[in-house]
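The values are calculated or read from the model by the stated rules, or taken from the named source; none is laboratory data. This is a predicted model, so every value here is computed, not measured. Heads up, the Cβs are rebuilt from the backbone with ideal geometry, glycines too, and the neighbour counts pull from every protein chain shown. SASA here: full protein model, heavy atoms, side chains in, ligands and nucleic acids out. Shrake-Rupley method; radii C 1.70, N 1.55, O 1.52, S 1.80 Å.
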Amino acid sequence: MPRIYLDNAATSFPKPPQVARAVFEFMTQGGCNINRGGYQTAYDTEEQVFDTRQLLCDLFDGPDCKNVIFTKNVTESLNLLIKGFLHPGDHVLVSAMEHNAVMRPLVQMTGHGVEFSRIPCRADGSLCIEQMEELIRPNTRAVILTHASNVCGTVMPIRQVGEICRRRGLRFFVDAAQTAGVLPISMIGDLIDAVAFTGHKGLLGPQGTGGLVLADGLEKELDPLLSGGTGSLSHTEEIPAFLPDRFEPGTLNLPGILGLRQGLLWLGEQPEGAVLAHELALTGRFLQGLAPLEAAGLVRLAGKRGLEGRTGVVALQTPGREMAQVTYRLDSEFGIQTRVGLHCAPSAHKSLGTWPEGAIRFSFGAFSTEADVDAALAALEVILHGA
Ligand SMILES: Cc1ncc(COP(=O)(O)O)c(C=O)c1O
């Protein structure tokens, strides 16, 4: 039975073949550390890491490639921002669609005197931006917002939120886990102070890669999450003040970063907007195919019904059928891999009206095909109409 992978919101698969090749080549031939080794292989690897920073800086319209900080995933990046920026007495705004990568560190920080408010979201996952300004308090310091929901794909109006933040003197941090590599993000155009990204989803890199791009000057307001050796300023026991070293202690995930570089290069070779157009075309096909099942009351869609303002992520419930059972049958009988449950985003499910039971999530990626969509629809037909 062929494997039909429709869980790209969790991690993208497959990747362009050159991603794994770069990891393999580094592991078998590179084999060095950077900022530490005084020999050519180390210099060559350093050059490629620099190039990866540059590709990321260009992708997000960042200020400078030194402002690109590598972490092991967006969760670490968000922890760095939340724990490094907020102090007792600070208040921050988030949306009611956030992933636990934002909510758990934030709730943890409430134990240290930090407060937060949620900007409400509608049942389709969209942000009630008109309610945002009334939630701003004198001690509000930042807004942290997912760019698109990992549950249902609804895209947030980052440009408008950025404008409000700029006007009200708030820092604006974007969780780009679901959109980096798929939707355009401009730190300049969207008035963003920090973009947190993960390397293994839309950027098509290996797991264990991710990072942050910081606006100039933000590093002075941010305490490092970790400290240690950087290969620079080895004479001192103080954390270096300059970027990226201030936030990059310890050895980097070099195999991962070189793989990520290949994912970025592959994306750069695609016509502008092509990956999004491909994912939305598949989403449209899927939504159209679901319509008869929905009309028969066998499927209930969560989130947006059309293609406007969304990514290639679709969440649905199967009234009358145990969703875990449906997911199990999709996999075991048809090879179709999806994710059921609450998707690390309880608040999002509350907004969408799918709490506490959750939903089944189908997520399309750069390499998903029409045949994958048709197979998923055919399998749902059998499972939902069957005895
Ligand atoms: C919106 C959002 N934020 C954060 C994360 C966490 O990503 P990672 O596990 O790569 O840190 C995810 C992953 O599903 C996500 O969808």
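For this structure, a couple of remarks:
- Residue check for Ser95: touching a Lys or Arg at 6+ places or on another chain (Cβ under 9 Å), among the polar types (S, T, N, Q) and within 16 Å of the ligand (Cβ to nearest atom): yes
- Residue list for the stretch 246-263, filter: under 20 Å from the mean Cα position of the chain (by Cα), among the polar types (S, T, N, Q) and within 16 Å of Cys32 (Cβ to Cβ): Asn253
- Scanning the stretch 71-87 for residues that are assigned to a helix (DSSP H, G or I) and either crowded, with 22+ Cβ neighbours inside 10 Å or not basic (Lys, Arg) (or both) yields Val74, Thr75, Glu76, Ser77, Leu78, Asn79, Leu80, Leu81, Ile82, Gly84, Phe85.
- Taking the stretch 148-205 as the range and being in contact with a helix residue (DSSP H, G or I) (Cβ under 7 Å, 6 or more places away or on another chain), within 11 Å of the ligand (Cβ to nearest atom), farther than 27 Å from Ala22 by Cβ and part of a loop (DSSP other than H, G, I, E, B) as the test, the residues that pass are Ser149, Val151.
- Considered as a group, the residues in the stretch 21-49 that are touching a Gly at 6+ places or on another chain (Cβ under 7 Å) and assigned to a helix (DSSP H, G or I) include one that is nearest to the ligand (Cβ to nearest atom), and that residue is Val23.
- Some residue of the stretch 372-387 being open to solvent by less than 40 Å² (accessible area, probe 1.4 Å) and within 18 Å of the chain's Cα centre (by Cα): no
- Within the stretch 324-361, if we keep just the residues that are open to solvent by 60 Å² or more (accessible area, probe 1.4 Å) and over 20 Å from Ala177 (Cα atoms), the residue that is nearest to the chain's Cα centre (by Cα) turns out to be Lys350.
- Checked against (1) under 18 Å from Ala176 (Cβ atoms); (2) open to solvent by 70 Å² or more (accessible area, probe 1.4 Å); (3) charged (D, E, K, R), Glu47 passes all but a single condition, namely (1).
- Here Pro120 fits the description: under 18 Å from Trp355 (Cβ atoms), open to solvent by 10 Å² or more (accessible area, probe 1.4 Å) and away from the ligand (no atom under 16 Å from the Cβ).
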